[in-house]
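Notes follow once the structure below has been shown.
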Amino acid sequence: MPNALVSGVSRGLGVHLCRALRAAGYRVLGVGLSPSPRGDHVDDYRVVDLREPLADDLFAAEDVDVLVGNAGVYLDDPRSGYGDLFSLTPEDLRDTFEVNLFGTARLVLRYAPGMLARGSGRIVCVSSGMGRLQDADGASFAYRSSKLAANSLVLSVARHFAAAPGDLASFAYCPGWIRTGMGTPHAPGEPAPAADDLVRLLGVPAARSNGRFFRGLGELGWDTRGPMVPETG
Ligand SMILES: NC(=O)c1ccc[n+]([C@@H]2O[C@H](COP(=O)([O-])OP(=O)(O)OC[C@H]3O[C@@H](n4cnc5c(N)ncnc54)[C@H](OP(=O)(O)O)[C@@H]3O)[C@@H](O)[C@H]2O)c1
């Protein structure tokens, strides 16, 4: 049975990702902040604060066949009263990057080499359309730029995967605006179908998924050419 390692499994999209992965035949390994994920959607679980370096023995005896970097924070969310760019504190900028970029990168750097050595694997970063330069606005700079950087990580891994023999793919996935703690109860979408779509994409041949950015089952794409700000005058 293949192993899927998912970050952030006690609430939000992560719970549904674990359920969908198990239904698809994966053994699910989870990491997250919560002391316990509560529920039977995870086969093995370790408390991991992604702002910190990973323990050397984190699932060291396991082959991770699929890595889903799902954990994320949106600290500078204007919907919860955060101001625009000029209200952003350096601490919130750093904490956002600690989870959304460094935490994801720690997992990728730990488990991608095993995939390369075995010649098979999937790495998925749960990203956001807000991480595209063309979607930038004057707020949420920490969240947007951390997702932009995570997208760049996906592409860097994809270059390595494309150059290696085997069945290897690294892609970014935007779930759309969904009803979770982060998405708020006002979101139009449900997390369960978004999780199902991500798991379906794991079965897409690497030639059609490596280095892509998906939203649902469709390709969202990276950035279009600028100008990225409205022209004036
Ligand atoms: N909701 C949306 O509308 C939306 C839209 C686009 C993209 N996304 C992306 O989808 C992903 C999941 O978001 P969500 O909506 O499910 O958010 P959520 O309900 O707020 O859940 C956030 C998850 O991140 C984990 N997490 C936060 N800080 C962590 C840390 N320091 N170490 C380890 N884990 C940490 C939490 O772990 P615990 O479970 O242990 O608490 C939790 O599972 C995120 O990457 C988000 O950016 C969401």
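The values are calculated or read from the model by the stated rules, or taken from the named source; none is laboratory data. None of the values given here were measured: they were computed from a predicted structure. Cβ sites come from the backbone with ideal geometry, for glycine too, and all protein chains shown count toward neighbours. Ligands, DNA and RNA are excluded from the accessible area calculation, which covers all protein heavy atoms including side chains. Shrake-Rupley method; radii C 1.70, N 1.55, O 1.52, S 1.80 Å.
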- (1) over 15 Å from the mean Cα position of the chain (by Cα); (2) more than 11 Å from the ligand (Cβ to nearest atom); (3) closer than 28 Å to residue 225 by Cα all hold for residue 105 apart from (1)
- Message: Let me confirm something: among 159, 225, 132, which residue is open to solvent by 30 Å² or more (accessible area, probe 1.4 Å), more than 21 Å from residue 21 (Cβ to Cβ), touching a residue at least 12 places away in the same chain (Cβ under 8 Å) and away from the ligand (no atom under 15 Å from the Cβ)?
- Response: 159
- Task: Pick out the one residue from 92, 76, 56, 49 that is in a loop (DSSP other than H, G, I, E, B), away from the ligand (no atom under 12 Å from the Cβ) and either surrounded by fewer than 20 Cβ atoms within 10 Å (Cβ to Cβ) or among the basic types (Lys, Arg) (or both).
- Result: 56
- Query: Would a scan of region 2-16 turn up a residue that is open to solvent by 60 Å² or more (accessible area, probe 1.4 Å), over 23 Å from residue 177 (Cα atoms) and either within 15 Å of the ligand (Cβ to nearest atom) or of a type outside the set (A, V, I, L, M, F, W, C) (or both)?
  - Reply: no
- Message: Give all pairs with beta carbons closer than 6 Å in which a residue from region 25-39 that is under 22 Å from residue 108 (Cα atoms) and part of a strand (DSSP E or B) meets a residue that is aromatic (Phe, Trp, Tyr) and modelled with pLDDT of 95 or more; count only pairs at least 6 apart in sequence or on separate chains.
- Response: 29/59; 30/45
- Quick one: residue 151 ticks every box in (1) among the polar types (S, T, N, Q); (2) free of Cβ contacts under 8 Å to residues at least 60 places away in the same chain; (3) not in a loop (DSSP other than H, G, I, E, B) except a single one, so which number is it? (2)
- Task: Sort through 61, 20 and tell me the only one that's more than 13 Å from the ligand (Cβ to nearest atom), of a type outside the set (Lys, Arg) and surrounded by 18 or more Cβ atoms within 10 Å (Cβ to Cβ).
- Result: 20
- Of the residues in region 99-136, those that are more than 23 Å from residue 218 (Cβ to Cβ) and assigned to a loop (DSSP other than H, G, I, E, B) number 1
- Message: Being among the basic types (Lys, Arg) and free of Cβ contacts under 8 Å to residues at least 60 places away in the same chain is true for just one of 179, 215. Which residue is that?
- Response: 179
- Note on the structure: Given the conditions (1) more than 9 Å from the ligand (Cβ to nearest atom); (2) closer than 23 Å to residue 95 by Cα; (3) open to solvent by 30 Å² or more (accessible area, probe 1.4 Å), every one holds for residue 38 apart from (2)
- Note on the structure: Here the residues within region 64-73 that are in a loop (DSSP other than H, G, I, E, B) and near the ligand (Cβ under 8 Å from one of its atoms) are 70, 71, 72, 73
- Within the bounds of region 167-190, is there any residue that is part of a strand (DSSP E or B) and either surrounded by fewer than 18 Cβ atoms within 10 Å (Cβ to Cβ) or out of contact with any helix residue (DSSP H, G or I) (no Cβ under 8 Å at 6 or more places or on another chain) (or both)? yes
- Message: Given (1) in a strand (DSSP E or B); (2) under 30 Å from residue 186 (Cα atoms), identify the lone condition not met by residue 146.
- Response: (1)
